[in-house]
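Please read the structure below before turning to the comments.
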Amino acid sequence: MVAPALLLVIMITLWPVAQSFYNSLFDYRLNDPSRSERFVKSNVDLERYANDFFYLSRDLEGLAGQAPNQDVADAATKISKDIEAYHEKLLAMDGLSEQYEEVEGRLASFTAISDRELKYAEVDKDFASDYKDFLTSAEKEITTLSQNSEDEAFKTASANVAGAINSSNRAIIESNFIGLGNYSKYLQSERMWKALGNTMFFTVASVGVELVLGLLIALLINRVFMGRGLVRASVLIPWAIPTAVAAMMWAFLYDGQTGIVSHYFEQFGLIRDASVLLSTGTGGMFSVIFADVWKTTPYMALLLLAGLQTISGSLYEAAEVDGANKWQQFWKITLPMLKSAILVALLFRTLDAFRVFDLIFVLTGGGPANSTESISIYAYITLFSQQNFGAGSVLSVIVFACVAIISTLFIKFIGSDLFAGRSSR
């Protein structure tokens, strides 16, 4: 009976986290061809290498013939022979010669290679390192020969050869497995800790204010009065507005030139200038917290109202008979009976606030100067803007770890007594 639920949890929650953790163990970057795949061992991109080697061997022979003197010709010839020797060692590896011939045949017929097993071939780590070092030094030598020559035709040919050597170098891919190196880097990153601090401050401030306001609103709309249904419906309007739309709306309200909120805040002396709400670090953090409180306080109130509905009116009647006033009833009856509802509301809102992204992304973009950048926005920038999947996955795992810790702490320290005295039967 439990197996289907466990399977869904593994597929929907644990598997993506495990995949992110696996990605975080690599220097995995889509904007770098040599790191655009996850390689535990050294490999060679045969499609790229075969294409480059065809032109490289031809151009090196032509470069020796165009050399302005015999020394330059000998240098070009030596580089050509050394590259040929490394090429022969490469093809001598087990099974690689046949794979290379098949790749060459595909290239000759202008057929794209989509099979990863055919495109990449594992090579010896030491060989890959030596070959790349040689190609790097060969490129520098060709570039130096070009710079020392006054022959324009030779310079052009040298530039082409240097480019082909560089391309061949990038076709040889060393392992980008770095283990926990990314974690070591980001746990020492000032920007990561600042983003985490911004997230924690935003979470504590917004959820704390929302709890107080939500409880007051819930107590108000739980009372019987004329038009209560209309009031309850209208209270939920901010929560019903999509977050991105609400953020855009608040961006206009905070605008230093035309924003009505910034104008009245300045008139009431709450801020020194109408522009500070979106142009300073303190103003930016206040702005996102204020907008989030307006947006999600109704959600908190709704959860607490549901808890209030479960409290029997007979408890308050008995308390009145015993002489308890409204304040005593609140502390002795309402709050204790609401504890489970408060736990659920706090847990949901804390987790939601800690993962905040869309509100800050639309309203401030994490600025000014990263003063409102949350850990989720930092992960998004690293993953998608910089296309650094390895580092971005580290930040995603950190977010998951923080959420797991928050959930554990809530249940252990706040909700532990909810289950006190209960035993399974």
Labelled set (1) 214; (2) 260; (3) 172; volume of the Cα convex hull per residue in Å³ computed from this model equals the value at (2)
Heads up, the stretch 37-129 by the C-alpha gyration tensor (a ≥ b ≥ c square roots of eigenvalues; a/c under 1.5 rounded, else a/b over b/c prolate, else oblate) looks prolate
Contour minus Cα-Cα span, Glu117 to Glu37, at 0.36 nm per residue, comes to 27.5 nm
Beyond 18 Å (Cα-Cα) in this structure, taken from Lys81/Lys155; Lys81/Lys125; Lys41/Lys132; Lys194/Lys412, we find Lys81/Lys155; Lys81/Lys125; Lys194/Lys412
Within the under-14-Å Cβ sphere about Gly256, not counting Gly256, Lys/Arg +1 and Asp/Glu -1 give a net charge of -2
Mean-square fluctuation maximum in Gaussian network of the chain, Cα pairs under 10 Å, restricted to Ala195, Ala247, Ala18, hits Ala18
About its Cα centre, the chain carries a charge dipole, from +1 on Lys and Arg Cβ atoms and -1 on Asp and Glu Cβ atoms, whose size in debye to the nearest 20 is 3100 debye
In nanometres, the difference between 0.36 nm per residue of separation and the alpha-carbon distance of Ala306 and Ser340 is 11.1 nm
With 0.36 nm assigned to each residue of separation and the Cα-Cα distance removed, Ser279 to Ser97 gains 59.3 nm
Once the dipole of the chain is set up from charges on Cβ (+1 Lys and Arg, -1 Asp and Glu), the residue from the list Ile377, Tyr131, Ala50 lying farthest towards its positive end is Ile377
Here the tail fraction of P(r) beyond 27 Å, over all Cα-Cα pairs of the stretch 87-222, rounds in percent to 58 percent
Checking Asp71, Asp45, Asp133 against a Gaussian network model of the chain (alpha-carbon springs below 10 Å), the top fluctuating residue turns out to be Asp71
Out of Thr77, Phe39, Val17 - ranked by how far each Cα lies towards the positive end of the dipole of the stretch 1-144, with unit charges on the beta-carbon of charged residues - the top one is Val17
Taking every other residue with Cβ under 14 Å from the Cβ of Phe330 and scoring Lys and Arg +1, Asp and Glu -1, one gets +3
Of every hundred units of 1.4 Å-probe accessible area on the chain, the number belonging to carbon and sulfur atoms, as a percent, is 61 percent
Over the stretch 272-400, with neighbouring protein chains present, the accessible area per residue in Å² at probe 1.4 Å is 43 Å²
What the Cα atoms of the stretch 347-412 span along the principal axes, largest first and in whole Å, is 38, 27, 16
Over 29 Å (Cα to Cα) among Lys89/Lys140; Lys140/Lys185; Lys295/Lys339; Lys119/Lys185 -> Lys140/Lys185; Lys119/Lys185
Per residue, the convex hull enclosing the alpha carbons of the stretch 278-425 has a volume in Å³ of 158 Å³
Over its alpha-carbon atoms, the stretch 213-266 yields an Rg and a Dmax in Å of 15.1, 43
Using alpha carbon centers only, the stretch 210-243 is separated from the stretch 295-344 by a whole-angstrom value of 15 Å
If each part is reduced to its alpha-carbon centroid, the stretch 365-405 and the stretch 22-96 end up apart, in Å, by 37 Å
Highest GNM mean-square fluctuation among Phe290, Phe26, Phe54, for the chain with Cα springs under 10 Å, belongs to Phe54
With R₀ set to 60 angstrom, the calculated FRET efficiency between the beta-carbons of Leu8 and Gln70, to the nearest 0.05, is 0.20
Residues other than Lys81 with Cβ under 14 Å of its Cβ, Lys/Arg counted +1 and Asp/Glu -1, net out at -4
Here the equivalent ellipsoid of the stretch 162-275, derived from its Cα gyration tensor, has semi-axes (largest first, whole Å) of 49, 22, 18
When the charge dipole of the chain is computed with +1 at the Cβ of Lys and Arg and -1 at the Cβ of Asp and Glu, the Cα pointing farthest to the positive end, of Tyr186, Pro4, Ala157, is that of Pro4
log10 I(q)/I(0) for the stretch 1-47, Debye formula on C-alpha points only (no solvent), q = 0.17, 0.18, 0.23, 0.27 Å⁻¹, two decimals, reads -0.64, -0.67, -0.83, -0.97
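The values are calculated or read from the model by the stated rules, or taken from the named source; none is laboratory data. These figures come from a predicted structure and were not determined experimentally. Backbone-built Cβ (ideal geometry, glycine too); neighbour counts: all protein chains shown. Just the protein is used for accessible areas: all its heavy atoms, side chains included, with ligands, DNA and RNA removed. Shrake-Rupley method; radii C 1.70, N 1.55, O 1.52, S 1.80 Å.
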